[in-house]
1. Can you tell me which residue within the stretch 54-74, out of those that are part of a strand (DSSP E or B) and modelled with pLDDT of 90 or more, is most open to solvent (accessible area, probe 1.4 Å)?
2. Condition test on Gln77, is it among the polar types (S, T, N, Q), out of contact with any strand residue (DSSP E or B) (no Cβ under 7 Å at 6 or more places or on another chain), over 18 Å from Tyr204 (Cα atoms) and at pLDDT below 75?
3. Working only within the stretch 171-207, note down all residues that are open to solvent by 80 Å² or more (accessible area, probe 1.4 Å) and either at pLDDT 75 or above or polar (S, T, N, Q) (or both).
4. Small (Gly, Ala, Ser), assigned to a loop (DSSP other than H, G, I, E, B) and either touching a residue at least 12 places away in the same chain (Cβ under 8 Å) or loosely packed, with under 15 Cβ neighbours inside 10 Å (or both): which single residue out of Ser142, Ser91, Ser148 fits that description?
5. Of all residues in the stretch 75-88, which are among the polar types (S, T, N, Q) and either open to solvent by less than 60 Å² (accessible area, probe 1.4 Å) or outside any loop (DSSP other than H, G, I, E, B) (or both)?
6. Anything in the stretch 118-139 that is open to solvent by 10 Å² or more (accessible area, probe 1.4 Å), within 15 Å of the chain's Cα centre (by Cα) and on the phi < 0 side of the Ramachandran plot? List them, or say none.
7. Taking the condition within 15 Å of Thr120 (Cα to Cα), at pLDDT below 95 and more than 20 Å from the chain's Cα centre (by Cα), does Arg143 pass?
8. Would you please name the residue that is farthest from Ile101 (Cα to Cα), looking only at residues in the stretch 160-170 that are open to solvent by 80 Å² or more (accessible area, probe 1.4 Å) and among the basic types (Lys, Arg)?
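The values are calculated or read from the model by the stated rules, or taken from the named source; none is laboratory data. Predicted, not measured: the structure shown is a model, and the values here were computed from it. Don't worry about glycine lacking a Cβ; one is built from the backbone with ideal geometry, like all the others, and counts go over all protein chains shown. Please note that ligands, DNA and RNA were not included when accessible areas were found on the heavy atoms of the full protein model with its side chains. Shrake-Rupley method; radii C 1.70, N 1.55, O 1.52, S 1.80 Å.
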Amino acid sequence: MKPPGQIGRPPRPKHPPEVRGESRPPGAVPPSVRKPAIMQEPVLVLNATFEPINVTAVRRAMVLMLKGVAQAEEINQTKVHSASRSVEVPSVIRLLAYRHIPQQTRALSRKNILLRDRNTCQFCRCILPASELTLDHVLPRSRGGRSSWENLVACCYQCNNRKGDRTPEEAGLALARRPRPFTLHTSRQLMRLIGNKDEKWRKYLFY
């Protein structure tokens, strides 16, 4: 069974070229190796009221800061450098203007389904990088299965091939959990899960 139509594998990230003119101590890791990982690290986003509302990547967080939309509340012990300046990498940012967050689910996408399922194959329970996961229709499309939150799950390629054009029961597979829409409650759970790995997040998530 091939990955669902428009929700395919993401393109491989392109590493930005090394910034010229940057001085580094001997033995330091070149920015061309170090930056991509740093720029994809998670950052907790707070509303103007300090309420946690989202998790974004360092790259997006820094864009919001440079635009004057947000400010850093917590900083990592890391900096990114350009030819003319160095900027501290944020761990938590806060929006300067209050944003109303509607009580609705996120857009249906490959990225959000992998996030909901925590990059875990829902059949063999293996945690894998996004590049080693695909999406599976629980009820195959050939049998009327729709591309919806309730019918799409993260799946490794081995389980995807094993399941084929069958239901999990017919293939002798069992779902780790029933697939559901990505709600605000799901988002908060994920924030707390990531917050366990970053002490700077805890005072904003556990209160």
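1. Among them, the one singled out is Gln71.
2. no
3. Hits for the stretch 171-207 are Arg177, Arg178, Arg180, Gln189, Asn196, Glu199, Arg202, Lys203.
4. Ser148
5. Across the stretch 75-88, the qualifying residues are Asn76, Gln77, Thr78, Ser82, Ser86.
6. Thr120, Ile127, Leu128, Pro129, Ala130, Ser131, Glu132 - these are the residues of the stretch 118-139 that are open to solvent by 10 Å² or more (accessible area, probe 1.4 Å), within 15 Å of the chain's Cα centre (by Cα) and on the phi < 0 side of the Ramachandran plot.
7. no
8. Arg162
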